[in-house]
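One structure is given here, and the rest of the page talks about it.
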Ligand code: IPM
Ligand code: MG
């Protein structure tokens, strides 16, 4: 069996705590001959800054390039609020995305049956929800130049961010959206702001043409991103795959997360182009939640998004769909038993900490493996 090389980047805040649960799961899988995983740890974010004065070192980047997949925790926290902008913790994450060319960010929002009451929305709106937010991850306003603050000399400053998209960037993310939809419920909703932004006009045009040319069998809908956000909380089950740009995807995926009960539930996969020779693609897997400095170090964080992100690695990097399904089932079963971390706690359920939740999920894996 092939050995899968993983680079683990726990990062800051609750990152190391939730990553510890993934490490336990990896050890368990190795022991049960479910794949052979070799792991190496690296520093990113504030942790890297404290050690090396940069948010990620070139040596760690080289390891990320060499790994079969990167498993990422979370970065940031008030401790690093005043470090130089280029060395801020988030810069490490953005460099990983950009340098590994991980343009396709899959953020599945799935409401586990046991959690339908944990959502801020009514149970009937979210029960059975299964949507995929596909966020463009290496372009748009996150990376566009110029990106500056200029002193105008009259007591005023001017800040500029640049939203920029080329045809090929829209086309390749569109292609991922349509291909995902074909394996799901065959519907893509494209979101932009063509009523205000030129990038929105081009986005809409390229999606429409790509659909006409290659994906006529898939239903394509267009929504303005603001109205799309409204529809996400009004009637989320109308969606299957939502494809959108980097910034709108950032915001819409946080909204979608709350449909599932908590930001602590949302996993993500960031994928690059498939190499036609090897069939391999660069990939990074990370929970959508941040470093949650307020609860860091307390053993209270929800490890489910982190564990589910590792499950996505099995599915998208290692063709281990069966094992990925098993992880999802183990999470669902653990929730069915009434175990909850603080973020998803509701009446009549049992409050547990990070390690208890991780142990319970592994115990369910043990049961499913029998
Ligand atoms: C996310 C995060 C990041 C982003 C931050 C930490 C830079 O919010 O992955 O959604 O804005 O992309
Ligand atoms: Mg975000």
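Observations on the model:
- Close pairs (8 angstrom Cβ cut-off, 6 or more residues apart or separate chains): under 13 Å from residue 193 (Cα atoms) and without any contact (Cβ under 8 Å) to a residue 40 or more places away in the chain in segment 224-249, more than 16 Å from ligand 2 (Cβ to nearest atom) and part of a loop (DSSP other than H, G, I, E, B) anywhere: 224/193; 224/194; 224/195; 225/193; 226/193
- Scanning segment 269-286 finds one or more residues that are within 14 Å of ligand 1 (Cβ to nearest atom), closer than 18 Å to residue 358 by Cβ and either under 13 Å from the mean Cα position of the chain (by Cα) or free of Cβ contacts under 8 Å to residues at least 24 places away in the same chain (or both).
- Segment 1-96 holds strands (runs of 3 or more DSSP E) entirely within its bounds, and those carrying 3 or more residues that are within 16 Å of ligand 2 (Cβ to nearest atom), under 25 Å from residue 271 (Cβ atoms) and in contact (Cβ under 8 Å) with a residue 40 or more places away in the chain map to 69-74.
- The one condition in (1) surrounded by fewer than 21 Cβ atoms within 10 Å (Cβ to Cβ); (2) within 16 Å of ligand 1 (Cβ to nearest atom); (3) in a loop (DSSP other than H, G, I, E, B) that residue 128 fails to fulfil: (2)
- Restricting segment 311-333 to residues that are part of a helix (DSSP H, G or I) and in contact with a strand residue (DSSP E or B) (Cβ under 6 Å, 6 or more places away or on another chain), the residue that is surrounded by the fewest Cβ atoms within 10 Å (Cβ to Cβ): 316
- Among all residues of segment 211-220, there is none that is in a helix (DSSP H, G or I), farther than 20 Å from residue 170 by Cα and touching a strand residue (DSSP E or B) at 6+ places or on another chain (Cβ under 9 Å).
- Among the conditions (1) over 16 Å from residue 103 (Cα atoms); (2) surrounded by fewer than 20 Cβ atoms within 10 Å (Cβ to Cβ); (3) within 16 Å of ligand 2 (Cβ to nearest atom); (4) modelled with pLDDT of 95 or more, the only one that residue 231 does not satisfy is (3).
The values are calculated or read from the model by the stated rules, or taken from the named source; none is laboratory data. Keep in mind it's a predicted model, so treat the numbers as computed, not measured. In this analysis, Cβ positions are derived from the backbone assuming ideal geometry, glycine residues included, and neighbour counts consider all displayed protein chains.
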